[in-house]
Structure formats: structure tokens, C-alpha cells
Amino acid sequence: MTPTAAALREGPLARLGKVFRTTAFKLSLAYLVVFALLASVGLGYVAWNARRVLDDQIVSTIEAEINGLSEQYTAGGLRRLIAVVERRAREPGASLYLVTTPAGEQIVGNVSRVPVGVLTTPGQYEGPYERGADSDRVEHRAIMRVYTLAGGFRLLVGRDTEERDRLRDAIGNTFGSSLALVLVLGVVGGWFVASRVLKRVDDMTETTRTIMAGDLDGRLRLAGTGDELDRLAQNLNLMLERIGELMHGMRQVSDNIAHDLKTPLTRLRNRADEALRSAETPEALRAAIEGIVEDSDGLIRVFNALLTIARLEAGNAPDAAARTFDAGTVVREVAELYEPLAEEQGLRLTLSAEPDLPVSGNRELVGQALANLLDNAIKYGADTITVSARRAGDAVTFHVADGGPGIPEAERARVLDRFVRLDAARSRPGFGLGLSLVNAVARLHGGSLTLADNRPGLSVLLTLPLARP
């Protein structure tokens, strides 16, 4: 059953729960909570600051009125103060006035009752009060200040806080509705984002199940957005490409072993059978056994080469610790080793190596790759073999050229595979693993192997990056 069919059989609640369990929805919810907290703190600060400003304005207004009324009392006495307070108390607004005797009896004002002890304690006070015009004795709240005049008379001036409280309630209501709207939009947005992400993840899951079923050619679809899922899909596709190459190589190795090693194994078996049937003397039997041992050593070398190539292509080189060495020294050592063999074949070997060519990697593997190239050049070359090592930009190039028959251009990519031998080379000893090993060493060190025409002969260029200082 495909994931799409399974999703169709799921109920709405199951699909919704699946969306809610996604990382995308959880992240969206976390961002929503953080945003709501920040918005609450910000709006709370605005409300607190607005209330503080309003309180400061009320207190300033009260102070100004008290100063003005005390001047009226000083200039005209109690009669003028009563006239002014009586006039102001009749005006509409939130201002509160009250003038009492030293004993606390009301003389004039629009305040009928305040808590006990307020009038006897000069200073600022915020609390309940009742207006004289309220028939239902409704309790209000106000910021008030009590001031003692000369002669013991008391003056109370205040401002009702109804406007301030209405502003606070408006801010609170706005915050509540806004927060509810943000929560709803956040949940819907998180569900939308999570469902889109889940759809892409389900597509990836379906593709991976197809690949696990055996279709190694399947690839994850890219949305083209360049987001993290696209980058993940690209990396997974590259990984699948690499796995496909390795699987193809394994199948090719298996086929090549079945075909190319069948002949030497058959020859080994026939030689042993012949020794058992026809060896009449110990010397003949010994010679037959020595031949069998020689063939066995050849097969062991083949399997060792296959194992080395497999490790190199997997990125696991024997003694893989990278060390910096001089490429010119390695070329000279390998050339000195093969120079006597070239002279036996009637060939002239010329060497050219620049100084100071640092390469970081496995010295033994690079030396083995150069040895394979020289061995091939001696086997198939003619007249002169040239070996060189020089700097080319940020790389070191090893060049091995011979004057032999060369390799046709159409066959140069194929001869890098395992067990591939051209018809002209089948009369020579070997199993067709030399260039495969050289190519694996080049790839392990981040380099390349190039085959070209030497006119006549073959020109091989092994390029490795210079070591960083």
C-alpha cells in the first residue's frame, strides 16, 4: 500500500493529529507562543506607561488647582473660596471639590462622602468616593489631595479616574481580541505550513520506499525553492548516485570475476589434475606443484588488487593517514626501480622532476599508481618512455608517455574499469586491474586520471592537488 492510499484510508482526526505531531507545526506553535509573550510584555508596558502618564497629568492638574484655590483663599478669605468652589463644582467634568470646617463639616463641594480618615490626613489619596448629586449613591474612584488652609479649613481637590479606567479596559479588550486572533491565525498558519511540509516529507518517504524495494534509479523530487528540504533531497540524490555507482561496480566485479578468473582457476585445476595423473618422478611432481603455487600467487595478487580498489573507492585507504611528501622524490624512486627492467626490454627511460612538489596523501599508494603506469608503459611501449612530475597551478601532474600502440579514444573510458583488456593486450600477462587501481588512487586524493594520444603511443596524466601549507 502506498503512503497516498494509506493517507486516504486514515480518518480526518488521524490526519490532523499527524499534522500536529510534525516538527514544523511544533516550531510554528513555539514561535506563536514566543510572539504572544513578547506582544503581552510590549502591550503591558504600553498600558502601564499610559496609566503613569495619565496619573502624572491628573496629579499636576490637582496641584495647579490647589495652588490657585489657596491663592483665592489668601486674597479673599473663605467667602471668595466658597464662591469659586461652588462655581467650579457645578461645571460638568471629572473635577472634584470639597471645603470643610476644621471639624470636618462640609461647607461646599460636589463630594458627599469619602472614606473615614481621608480629610484628617493631608496628602494624596486614591480610592472610592461618592458624588453629592448621585441619587443612587454610586461609588466612584478618584485621585484626591487634601490641603489644610489657614484657620484649619480643609480643601479637597480630585479627579475621577473613570477615563483612565476606560482606557485600561479598552487596552485590555483590544489585547484579548488581538491575542485570540493571533492564536487562531497562528494555529491555522502552522497547520498550513506543517501540512505542506508533511506532504513533501510523505513524497520523500514514498520515493525512499520505492528505492528500498529495489528501484535504485528513483530520485527524490525537488521543489525548486532551494530550502532545507531541497538541499536534503539534493544530498540524498547524490548519495543515491554514489550508491548506484558502487552497486554497479559490485555487479561488474562479480561478472568480471566470474568470466576473467574462470580461465586461471580452470588452468590451476587442470595443472593439479595433470600432476596427479602424469607425474612419475618427484622432480616432475615438484615442478607441477611450483607451477600451481605460481598460479595461486597470481590469483592472490588479483584478489588483493580488487580489495585495494574496493577500499580506495569506498574512501578507506590502507594506512590512510595523510602525510605530506615530495612528489618528485617518489617519481625518481619509482623510475630508478623500473629503469633496469626497461633496459632489459630495449627501452630508454627519461626522467624529469621539478623540486618542491608537496603532496598530501598516502605515499605508498601514489608510488604504486606510478609503478602501475610505468609497468604498463614497459609492457606495451616502444623506443622511449618519458616520466615527469611538474607543478601546474595548484596541482602536481605526473606524466607517463610511451611510443607503443596506444589506446583508441573510444576505449579510453572503458579501460579504467576492472578486468577490461583490449584485444591487443590479451597476449601479455595481466588481469586489467592496473589502470583501475590508478584511477581509484587519483579519486581518493581528490585528483584525476587522463588518457590521451601520444602520437604514437599513450600519454597518461595523473593530477593530484598540491598540499596546503
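Only the coordinates and a few stated rules stand behind these numbers; no lab work does. Note that the structure is a prediction, hence the values are computed from the model and not measured. For neighbour counting, all protein chains shown are included, and Cβ atoms are generated from backbone atoms with ideal geometry for every residue, glycine included.
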**OP:** Report the extension gain between residue 205 and residue 230 in nm, rounded to one decimal, defined as 0.36 nm multiplied by the number of residues separating them, less their alpha carbon distance.
**Re:** 7.6 nm
Original post:
Restricting attention to segment 59-158, which trypsin sites (Lys or Arg not before Pro) occupy a DSSP loop and are surrounded by at most 16 other Cβ atoms within 10 Å?
Top reply: 137
**OP:** Assuming R0 = 51 Å, can you tell me the calculated FRET efficiency for the pair residue 43 and residue 323, based on Cβ-Cβ distance, to the nearest 0.05?
**Re:** 0.20
Original post:
Could you give P(r) for segment 321-465, binned at 10 Å from zero, as whole percent values over all Cα-Cα pairs?
Top reply: 12, 45, 35, 8, 0
**OP:** Starting from the Cα-Cα distance between residue 237 and residue 57, subtract it from 0.36 nm times their residue separation and give me the gain in nm to one decimal.
**Re:** 57.9 nm
Subject >> Overall Cα dimensions of segment 49-207, principal axis frame, Å, largest first >> reply: 97, 32, 27
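Compute the length gained on full extension between residue 196 and residue 148: take 0.36 nm times their separation in residues and subtract their Cα-Cα distance, giving the result in nm to one decimal.
Computed gain between residue 196 and residue 148 is 10.0 nm.
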